[in-house]
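J.: Supplied in structure tokens, the structure appears directly below.
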Amino acid sequence: MNKLKLTILSLCSMIYGVQAQTIFFEGKEFDISHVKASVVQLNGEEVLRVERDLESLAFDPNKMGETVDEPTFVKLKGVNLENGTVEVKVLSRLLPTAPALARGFIGLAFRVNADNSAFESIYLRPTNGRADDQFRRNHTIQYFAYPEYKFDRLRAESKGEYETYADIGLDEWITVRIEFMDKSATLYLNDQKAPAFLVKEMLGSTTSGSIGLWVDIGTEGFFKELKIIHEGTTN
């Protein structure tokens, strides 16, 4: 009977998550922005599943720079962080329909403004972490600032300081912690003491905002245990 109840709950959550404008998970309420979101069972525990909604926001491989690194996330309601530390566990899989360019894109958006028109983000490309190609490995972690500084512009104009390598892969839980203060951000992975990535000069136009659980093309993303460990400014 309990298993039946959990199955019914999971199915209802999937339907609710896709159709509704908000979703509840771990006692928190999230707004949905160009994604399909649902609370599901994964390996015996309740997690939040997020997938980019291509009907809501189309992707064009011929206009990649214009149609990736977009506001494709669930956004935490009632939060306005200026500086702080945010942590979440993420797990990424490739969808059966994922294009060849898919990398399991998953991460965090932060300082998301009220209408989702500007934010900062650091995300992962788990397929790159253990690739047999060093160039791909060097692009495992990515920073971008929406809408002006997406990955393609940063890759063309910078000397690689907005991307780096990490030993991560698909279908494994990865603890992501981002500490951001003024114009800098530091990424820690899997509770390691040393930072995995340093952003010394963030380029976004926002100075405060909410937190988004972010995915992109071809990703079946799972999230759990979202924590705001330290807050600089909140509503």
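The values are calculated or read from the model by the stated rules, or taken from the named source; none is laboratory data. Because the structure is predicted, anything quoted here is derived from the model rather than measured. Cβ sites come from the backbone with ideal geometry, for glycine too, and all protein chains shown count toward neighbours. The protein model used for the area step is the full one, side chains on, heavy atoms only, and it has no ligands, DNA or RNA in it. Shrake-Rupley method; radii C 1.70, N 1.55, O 1.52, S 1.80 Å.
J.: Would you point out which residue out of D152, D171, D216 is at pLDDT 95 or above, under 24 Å from V35 (Cα atoms) and surrounded by fewer than 13 Cβ atoms within 10 Å (Cβ to Cβ)? Reasoning before the result, please.
T.: Numbers: D152 fails: surrounded by fewer than 13 Cβ atoms within 10 Å (Cβ to Cβ); D216 fails: surrounded by fewer than 13 Cβ atoms within 10 Å (Cβ to Cβ).
It is D171.
J.: Looking only at region 126-146, count how many residues are open to solvent by 10 Å² or more (accessible area, probe 1.4 Å) and free of Cβ contacts under 8 Å to residues at least 60 places away in the same chain. Give the steps one after another, and end with the answer.
T.: Of the residues in region 126-146, the ones open to solvent by 10 Å² or more (accessible area, probe 1.4 Å) are 127, 130-139, 146.
From what is left, the residues that are free of Cβ contacts under 8 Å to residues at least 60 places away in the same chain are 127, 130-139.
Total meeting the criteria: 11.
J.: Can I ask one more? Does T186 fit the bill of being among the β-branched types (V, I, T), in a strand (DSSP E or B) and open to solvent by 20 Å² or more (accessible area, probe 1.4 Å)? Give the steps one after another, and end with the answer.
T.: Details: among the β-branched types (V, I, T): yes; in a strand (DSSP E or B): yes; open to solvent by 20 Å² or more (accessible area, probe 1.4 Å): yes.
Spelling it out, T186 is indeed among the β-branched types (V, I, T), in a strand (DSSP E or B) and open to solvent by 20 Å² or more (accessible area, probe 1.4 Å).
J.: Sticking with this one: N62 passes all but one of (1) within 25 Å of W173 (Cα to Cα); (2) open to solvent by 50 Å² or more (accessible area, probe 1.4 Å); (3) over 18 Å from the mean Cα position of the chain (by Cα); which number fails?
T.: Only one criterion is unmet by N62, namely (1).
J.: Suppose we filter R111, R103 for residues that are crowded, with 23+ Cβ neighbours inside 10 Å and part of a loop (DSSP other than H, G, I, E, B); which single one remains? Break it down stepwise before answering.
T.: On the way: R111 fails: part of a loop (DSSP other than H, G, I, E, B).
When all the criteria are applied, what remains is R103.
J.: Looking at region 14-38 only, could you name the residues that are more than 22 Å from T97 (Cβ to Cβ) and either in a strand (DSSP E or B) or at pLDDT below 95 (or both)?
T.: Quick first cut of region 14-38, residues more than 22 Å from T97 (Cβ to Cβ) only: 16, 20-31.
Answer for region 14-38, where residues must be more than 22 Å from T97 (Cβ to Cβ) and either in a strand (DSSP E or B) or at pLDDT below 95 (or both): Y16, A20, Q21, T22, I23, F24, F25, K28, E29, F30, D31.
J.: Hey, another quick one. Does any residue in region 211-223 that is among the aliphatic types (A, V, I, L, M) come within less than 7 Å, Cβ to Cβ, of a residue that is open to solvent by less than 10 Å² (accessible area, probe 1.4 Å) and assigned to a loop (DSSP other than H, G, I, E, B) six or more places away or on a different chain, and which pairs are these?
T.: Sorted first by the residue in region 211-223, then by its partner, the pairs are V215/T72; I217/A102.
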